[in-house]
Amino acid sequence: GASFISNIILWQESGYFDTSSAVKPLTHLWSLGIEEQFYIVWPLLLWVIFKLRLPVLVSTVVLTAVSFGLGLHALEHDVVGAYYSPINRFWELLIGAILAAVMLKRTYGDKANKWQQAGSIVGLILIVFTMFSLDGQSSFPGWNALAPTVGAALMIGCGPKTLTARRIFSLRAIVWVGLISFPLYLWHWPIFALHRYLFGGSPCPVLSVVYVLLAVLLSLASLHFVEKPFRQKRW
């Protein structure tokens, strides 16, 4: 996980003798691998774009389209590769790069206009729709990944003055979840994976709630005893 190659390892492990990802306690680290691989590759690509004096926004859109197209092709021929290959997943992060390029020389006003309000609401709808429309049998990423990524980009791009940002995502409870979101991401999967490994099948609803609360407690411990000390210590 620390070397950011989990997605490559999981990709190589797939096949006839592969253990179900549902019982692998570190399967979720695949996304960290792709994220960090993007952070290494993208600055180098930007350097090439600048050196060749290519338009940044157009180049980013083209690269996004190419990555998305390769992902769609992979879904037809190599489902596991479509999921774990960084090239097939970079388009999701490149949507953020497009947003950054668009917003580079723009500022937000004191109030959100009607287009910003509408865009943020559409973005929220796309994310919520994805939460309830996809399941373990859904094809992914491909077209099914467009809604949550575009939805997130819309909500970010429409700015902090929209009703959804001020009335929903500024609530203390949601901000608090945001503060522990990374350790929560790290802790939640191992707990559920170990249950499946030890007892077979998914936990009952009551036990699921207990596991979520346990993940929250462990996340708080990680935040206060690991994350904050590392940030604050001068050494």
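Any idea what the dipole of region 21-102 comes to, in debye rounded to 20, about its Cα centre with Lys/Arg Cβ at +1 and Asp/Glu Cβ at -1? All intermediate terms of the calculation are to be shown ahead of the outcome.
Details: 4 positive and 5 negative charges, 49 e Å.
The calculation lands at about 240 debye.
Dividing the helix sum by the residues of the chain, where each DSSP H run of 4 or more adds -39500 (n - 2.57), gives a mean residue ellipticity at 222 nm of -22000 deg cm²/dmol. Extension gain for Ile87 to Ala173 (0.36 nm times residue separation, less C-alpha to C-alpha distance): 27.4 nm.
Bridgeable lysines around Lys51 (alpha carbons under 30 Å apart, same-chain partners fewer than 8 residues away excluded): Lys105. What whole number of Å gives the distance from the Cα centroid of region 59-90 to the Cα centroid of region 113-152? Computed from Cα coordinates, the inter-centre distance equals 19 Å.
Add +1 for every Lys or Arg and -1 for every Asp or Glu among the other residues with Cβ under 14 Å from the Cβ of Trp115, and state the total.
On the way: positive: Arg106, Lys111, Lys114, Lys161; negative: none.
Residues near Trp115 contribute +4 overall.
Using the 1.4 Å probe convention, the accessible area of region 73-167 works out to 61 Å² per residue with neighbouring protein chains retained.
The peptide list 163-174, 186-197, put in order of mean Cβ contacts within 10 Å with the highest first, becomes 186-197, 163-174. Given a 1.4 angstrom probe, I'd like the percentage of the accessible area of the chain that is carbon and sulfur, rounded to a whole number. So the carbon and sulfur contribution to the accessible surface is 70 percent. Peptides 88-94, 137-143, 218-224, ordered by how many other C-beta atoms sit within 10 Å of their residues on average, highest first, read 88-94, 218-224, 137-143.
Of the peptides 42-50, 26-34, the order by per-residue mean of other Cβ atoms within 10 Å, starting with the highest, comes out as 26-34, 42-50.
The values are calculated or read from the model by the stated rules, or taken from the named source; none is laboratory data. Because the structure is predicted, anything quoted here is derived from the model rather than measured. Counting neighbours? That spans all protein chains shown, and the Cβs are built from the backbone with ideal geometry, glycine included. Quick note on the areas: whole protein, heavy atoms, side chains included, nothing else; ligands and nucleic acids left out. Shrake-Rupley method; radii C 1.70, N 1.55, O 1.52, S 1.80 Å.
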